[in-house]
Amino acid sequence: MKGLKFLDLARNNFIGTIPQCLGNISNDLSVLDLQENGLSGTISLTFSENAVLRSLHLNGNQFEGLLPRSLINCKQLEVLDLGGNKLNDTFPKWLETLPGLRVLVMRSNRLHGSTGNPTSEFPFRQLRILDLSSNELTGPLPSAYFVGLKAMMSTDQDGSELRYIDQGYYQESINATMKGLETYLPKILVTLTTIDLSSNKFQGMIPDVIGELGSLKGLNLSHNNLQGHITSSLGNLSNLEWLDLSSNELSGTIPTELTKLTFLVVLNVSSNQLTGLIPQGNQFNTFQAESYGGNPGLCGYPLSKTCINSRVPGKPPVLPEGGEHSFFADILESGAVEIGLAFGIVLGLVMSNLQYLTSFLRPKREVRKIATKYFSST
């Protein structure tokens with residue numbers, strides 16, 4: 001079957017290893033889909049430099065061991081989905097030079113170690129969907145790779161809103177976590193751009209460079225060991241529809257810049273160490289208390305805990321034009337009612353007794369007479 005271009009045996013009950021005969025036709029295949037079977041063993045496929053493979057789906061099986069390094073020869077590869085297996089390998093940084101790779105899904109495997117740094121100037125430059133969730137990756141978030149994700153930085157949709165990724169007769173599909181729900185996508189929009197690095201062991205801070213990925217629609221960094229503040233650069237992700245930063249060790253306040261995300265449907269920052277007033281406005285008026293749970297230091301709507309100082313965190317109180325913020329301004333703002341009440345009581349007492357006090361004072365002329373008489377007599 002040397003002329004076979006599309007082989008789709010997905011969602012059956014096949015067991016055992018990959019048949020050796022597939023190795024004889026793998027260089028001619030454009031699509032190989034064996035997803036959601038019971039296949040096991042290693043991925044025993046070898047691709048030559050003449051391979052024309054554009055789509056490989058082996059997800060939802062029991063494959064073990066390493067990724068086949070010969071995938072680097074598949075220069076036309078666009079979609080690689082190996083999720084839901086038992087692959088025990090490091091992050092496949094050697095795939096970064098594939099010029100047309102759009103979708104890389106390695107979720108729910110046993111990837112381990114740090115992602116490291118890229119070796120090319122623009123790694124994964126066409127990548128639009130990156131899913132490395134539910135692995136054992138460590139170290140900082142791969143900020144060096146974020147810099148090279150040029151397709152995620154472009155916000156120019158070029159009239160492609162209703163186009164899907166396909167390979168002729170074959171329609172691409174994936175499983176993904178979208179807006180907090182496990183979702184099966186029977187079609188993949190060309191404009192869909194997501195990053196899911198959840199449920200790993202990433203550490204350190206959220207890099208500012210993520211704010212440059214302007215076409216992102218979904219970002220999931222939950223269930224890691226991330227620390228530090230939530231970077232305000234996330235407010236630049238104008239197309240973002242869901243943001244999940246839950247179950248980390250993030251601290252500080254929620255940046256008010258996030259209120260600019262008018263397409264944001266789902267927000268989850270629960271189970272962190274965030275503090276201060278929850279920002280208000282736009283989509284933030286629609287989120288429920290569950291979005292902020294597990295942060296004892298947060299206050300304000302929609303939580304039942306009210307803020308003692310309702311001032312927006314990080315901003316001085318509003319003063320008259322030309323005024324300056326000072327220690328006294330903070331005092332006046334935090335206790336203006338109490339101070340005003342006390343001052344009013346004191347002033348009232350003084351005014352009410354003024355007339356009584358002056359009634360005991362003698363006119364100035366009488367005082368002079370008494371004083372003159374006294375001194376002249378002595």
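Computed from the coordinates by the stated procedures, all read-outs in this text should not be read as laboratory data. Note that this is a predicted model, so its numbers are computed, not measured. Positions of Cβ are generated from backbone atoms using ideal geometry, with glycine treated the same way; all protein chains shown enter the neighbour counts.
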If every Lys and Arg gets +1 and every Asp and Glu gets -1 at its Cβ, then about the Cα centre the stretch 90-315 yields a dipole, in debye to the nearest 20, of 240 debye
About its Cα centre, the stretch 163-244 carries a charge dipole, from +1 on Lys and Arg Cβ atoms and -1 on Asp and Glu Cβ atoms, whose size in debye to the nearest 20 is 60 debye
